[in-house]
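Participant: Here's a structure for you.
The values are calculated or read from the model by the stated rules, or taken from the named source; none is laboratory data. Treat the numbers as computed from the prediction; the structure is a model and nothing was measured. Neighbour counts run over all protein chains shown; Cβ positions are idealised from the backbone, glycine included.
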Amino acid sequence: MKTCFSDAGCSAGDLELQPVKHANVPNIICTVRGATESVILVGAHFDHVAHGLGVIDNWTGASLLPSLAETVRSLNRRHTFVFVGFTDEERGLVGSYFYVSQLDGEALSRIVAMINFDSVGAGPTEVEHSTGDANLLQKLGNVAGSTKLPLTFMDADQVGTSDFLAFRSKGVPTLLFHSLTQETLKLLHRSADNYQALKMDDYRDTYRLAAAFLAYLDVTLDVRPRLGSDSPPPTLKRP
Amino acid sequence: MDIRFMTAVWIALAWVPFPAQQAKPVPLRYELTAPDVLAARVRAASMKNADRGAKLEDMFLGRRMLRGRS
């Protein structure tokens, strides 16, 4: 994942490995700085359970991050975009809760949106409505309508959760992209979660929709707060 | 996806119509990663992660077993 971020243009100074308590593998963070400190955070976990190859859950989501970082780098950005590959989601959102715990109140308040990708690419793009922020849902609907890319709302919160929860619990507006239906849910945590489960055309559409969505968010979301470009970047509390 | 209730599978299908009002047109200019690069990333990444992920899972199960014995 680190290599993918580097290949996508995330230079050494903007690439950070965050050691996580009780995890053997760190969170991987790529920061694409914008004109302000206002942050749009994009996250996906890169661990998987032993059953299957974890292609759908969640290398499709994790490997989307470098490509989205490339798209964001092409923008004349108002916001700073932080892409985080979270470790140990399958053990109980370990990486994301640790990440949030390391943010001070000011850093947390600067995150205007957290966009989470988990288990995309098994079918057309779905987004969770029940846990999604209303404003983000409306904006995504606008983008899907404009781009004519497929999008349906599908709630999976009764069967599982993902890293967005760590941010939502702190009041950050969140949105979860996935591709789960009654049929594709059967792939997860099983040997069937392999390359054959990947629907490349749907995955490509998810990427195109997400790329347009991030560009749209950068233009339409208010920055919080508006600070000079000389201000320090979003910070993590250091031990 | 951190699945809590694999045996009690139920997804509430929520079809919510998009808002009737149209958003103001916002000109967007951005670049997309080439499809072959997108495909290469998803395939290369999952190949590399498979072994490590399995090992991590095994280690986790190992720790649980150790705790169980103590």
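Participant: Among (1) under 21 Å from residue A:163 (Cα atoms); (2) at pLDDT 90 or above; (3) out of contact with any Lys or Arg (no Cβ under 9 Å at 6 or more places or on another chain), which single condition is residue A:6 missing?
Facilitator: The failed condition is (1).
Participant: Please go through (1) under 16 Å from the mean Cα position of the chain (by Cα); (2) within 11 Å of chain B (Cβ to nearest Cβ) for residue A:7 and return the number of the only condition it doesn't satisfy.
Facilitator: In the conditions (1) under 16 Å from the mean Cα position of the chain (by Cα); (2) within 11 Å of chain B (Cβ to nearest Cβ), residue A:7 misses (1) alone.
Participant: Identify, by number, the condition in (1) closer than 22 Å to residue A:41 by Cα; (2) touching a helix residue (DSSP H, G or I) at 6+ places or on another chain (Cβ under 9 Å); (3) hydroxyl-bearing (Ser, Thr, Tyr) that residue A:195 doesn't meet.
Facilitator: (1)
To keep it simple, each residue is scored yes or no on (1) within 11 Å of chain B (Cβ to nearest Cβ); (2) of a type in the set (Gly, Ala, Ser); (3) under 30 Å from residue A:184 (Cβ atoms).
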site: A:17; (1), (2), (3): no, no, no
site: A:29; (1), (2), (3): no, no, yes
site: A:43; (1), (2), (3): no, yes, yes
site: A:51; (1), (2), (3): yes, no, yes
site: A:64; (1), (2), (3): yes, no, yes
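Participant: Filter the range A:55-97 for residues that are basic (Lys, Arg) and in contact with a helix residue (DSSP H, G or I) (Cβ under 9 Å, 6 or more places away or on another chain) and give the result.
Facilitator: Across the range A:55-97, the qualifying residues are A:77, A:78, A:91.
For every residue, the table says whether it meets (1) buried (at least 24 other Cβ atoms within 10 Å of the Cβ); (2) in contact with a Leu (Cβ under 6 Å, 6 or more places away or on another chain); (3) facing chain B (nearest Cβ under 8 Å).
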residue	(1), (2), (3)
A:56	yes, yes, no
A:84	yes, no, no
A:89	yes, no, yes
A:96	yes, no, no
A:103	no, no, no
A:114	yes, yes, no
A:117	yes, yes, no
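Participant: Test residue A:43 against the stated conditions and say whether it is in contact with a Ser or Thr (Cβ under 9 Å, 6 or more places away or on another chain) and in a strand (DSSP E or B).
Facilitator: Yes; evaluated as a whole, the condition is true for this residue.
Participant: So in the range A:1-30, with the set limited to residues that are polar (S, T, N, Q) and within 21 Å of residue A:58 (Cβ to Cβ), which one is surrounded by the most Cβ atoms within 10 Å (Cβ to Cβ)?
Facilitator: The qualifying residue surrounded by the most Cβ atoms within 10 Å (Cβ to Cβ) is A:27.
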